[in-house]
Structure formats: C-alpha cells, structure tokens
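To start, the structure under review is shown below, and the notes come after it.
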Amino acid sequence: MNTVAFTPSATGIHKHADPYQLQSIDRVVAMLEMLSESDVPLSLAEICTRMRLHKSTAHRSLIVLERTALVERTPEGRFRLGLKLYELGNRAVEQMDLRERVQPFFRRLSMEVGETVHLGVLQKTRVVYLDKVEPNRRVCMTSRTGTSNPVYCTSLGKAMLAFLPEELREEIINKIKFTRFTPKTLCSREALMKSLERVKKRGFAIDDEEIETGVRCVGVPIFDVNRYPIAAVSVSGPASRITVQSVPGIAEKLMRCSSDISKTLGIHDRKRSRYTSPLFHHYSN
C-alpha cells in the first residue's frame, strides 16, 4: 500500500518554506492526488494512515471537498473522487481548445460585420471574456479578455442561460444580485425570464444598451456535442452602427458562425440529450 505522508519534511514545510504555500490547500491537493491513485474508495482511517493525518484534520478536509463535490462518499462511508472534477476537467479542455478553434471563424465574422467579436463562458453568475477580435475601426470596444460582466445584462450571458437545462438555469438565476447599470438594465427575475423566453424562440440574445449606454450587442450560444451551451459568441458595437434594423442580419451571421464552430466540436444535426453523458448516469443511479 502506498503511503502519502503529509508531514513537514514531505511537503517542504520548514523554516524556509515557500512564502506562497498554504498548508490547508496543499493538504487537500495531496488528498485528491492520493484518492486519484487508489483503485477503490478509501475509508477515513485509511486516508489518515496514508497521509499521516489526525482523524479530525482529515475529516474537516474531506467535508469541505465533499461539500464542493470534488470528493464524494459511497453508501459504505468510503471516499472517492467526485465527478465535479470530471466536469471541471472537461471545461478546462474545452476552453483551452475552444480559443484555437474559434479564431478563423471569429476573424471572418468580424470582417463580415465590421464590429468587435467576443467569446465568453459562464462562471457562476458572470460571463468571462476568453477572446476578442476587433475590426480595423477607429471606434472599438474597450472590453478586455479575462474580465467579466454580469450574466443577466450581456448578450453572451443571456444566450447561454436561455439554453441551459432548467434546473441549472434556476440555480444560477437564484444567485443573481440585480444591479442597474443603465435605464435599460433588466433588474428583476421576471424581466430576465421573459427575455430568456424570447432568446430561446429566436435563437439569439440582445444586450440593448443594458450594461453601457450607447453600446448594443447580439449574442448566440456555442453548443457541444450534447447540445450543451459551453460558450457564446457576440458582436458588439456602438448603437449608432448596430441599429435595431441591422440586428436580424447580424444575428443570422452569428448563428452561422456558431453553427460552424459547433460542428468542429462534433455536433450533428440530430439532437442528442446531454443526459446521455456519464455525469448524468452517475448521479441518477
């Protein structure tokens, strides 16, 4: 039996320890690594023995990991890795690969519409901008990759929210703290839900000067092979250029771009339920 000894000498904790080292975080990382190396779920006693930890210390760490679904407990009270890690790992791979996949489509779309194109993903109640392509114009968007905005007042966020499974959409919306940015910001659950119904019917979302006065955006989701909205793409620009009359034409180009990207991810015309994934079957048993 392999033993992971969580001791000062084993973890490098000594008089001249790494100043960026956090013992509690190092401990749970070591615990996850140990569980990943085991072919069977482990009992609390086995974990304590392998890591040379006191029972109360190990139990506290396991409770935190279990609460966040990074570790799960079997009916027999033993511990194994949770499928939240599976989900996070898939998301990490998708996001790293997605930026490379979308670039050719983004450049083409930006040239077609002459406006800024964004790629975004959901992170709790916010949208994080992963990538951006700007046209050769004097007036461009001030957004930066790596920054984020609230999900309820962005076309990217509403495009993804509308196509999420109902239970996940409800979970996210329940956590939103609505703030008014402009006179047009959607500031209630009811207004957001009505907006999402329209998004689902027409296939695209609009940020009609809801987060910044004078800026209008159109967004559509990007689906993975299981028809899950893993990201979204948007066209953004001054409301004087992206007029109400021009929105349908821009949306058509966006949906074509999204469809082309989704096909590179393996999606087919025949719809597949995301519930065919091992993640769903694991938790439905």
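The values are calculated or read from the model by the stated rules, or taken from the named source; none is laboratory data. Since the model is a prediction, treat every value here as computed from it, not as a measurement. Positions of Cβ are backbone-derived with ideal geometry, glycine not excepted, and every protein chain shown enters the neighbour counts. Remember, those area values only see protein heavy atoms, side chains included, never the ligands or the DNA or RNA. Shrake-Rupley method; radii C 1.70, N 1.55, O 1.52, S 1.80 Å.
A 1.4 Å probe over all protein chains sorts His54, His59, His118 by accessible area into His54, His59, His118, starting with the largest.
Label-to-label distance, Thr213 versus Ser188, with points set 7 angstrom from Cα along the beta-carbon direction: 2.3 nm.
When the residues Lys177, Lys132, Lys184, Lys253 are ordered by accessible surface, computed with a 1.4 Å probe over the protein chains alone, the sequence from largest down reads Lys177, Lys184, Lys253, Lys132. For Ala231, the residues 5 or more places off, or on other chains, whose built amide H falls under 5 Å of its own are Ile222. Note on Phe181/Gln23: beta-carbon distance plugged into 1/(1 + (r/R0)^6) with R0 of 35 Å gives a FRET efficiency of 0.25. Between Ile63 and Gln103, the FRET efficiency estimated from the beta carbon spacing at R0 = 30 angstrom works out to 0.10. The 3J(HN,Hα) values that the Karplus relation (6.51, -1.76, 1.60; θ = phi - 60°) gives for the range 181-196 are, in residue order, 9, 9, x, 9, 4, 6, 10, 8, 4, 4, 5, 5, 4, 5, 5, 5 Hz. Gly and Pro appear as x. Given a 1.4 Å probe and the protein chains as shown, Val40 ends up with an accessible area of around 90 Å². Each residue of the range 55-70 was assigned a 3J(HN,Hα) from its phi angle through the Karplus curve 6.51 cos²θ - 1.76 cosθ + 1.60 (θ = phi - 60°); the sequence is 4, 5, 5, 5, 5, 4, 5, 5, 5, 5, 5, 5, 5, 8, 6, 7 Hz, with glycine and proline shown as x. 3J(HN,Hα) couplings calculated from phi for the range 107-113 with the Karplus curve 6.51 cos²θ - 1.76 cosθ + 1.60 (θ = phi - 60°) are, in sequence order, 4, 5, 5, 4, 5, 5, 9 Hz; Gly and Pro show x. Near the amide H of Val215, within less than 5 Å, lie the amide hydrogens of Glu209, Ala239, all on another chain or at least 5 residues away, with H placed in the peptide plane.
The H on the amide N of Val71, modeled in the peptide plane, is under 5 Å from the matching H of Glu66, Gly82, each at least 5 residues off or on a different chain. With N as its number of residues, the range 106-223 has a Cα radius of gyration that, divided by 2.2 N^0.38 Å, comes to 1.03. With all protein chains kept in place, the per residue accessible area of the range 23-71 amounts to 55 square angstrom at a probe of 1.4 angstrom. Per-peptide packing, taken as the mean over residues of other Cβ atoms within 10 Å, places 205-211, 104-110 in the sequence 205-211, 104-110 from highest down.
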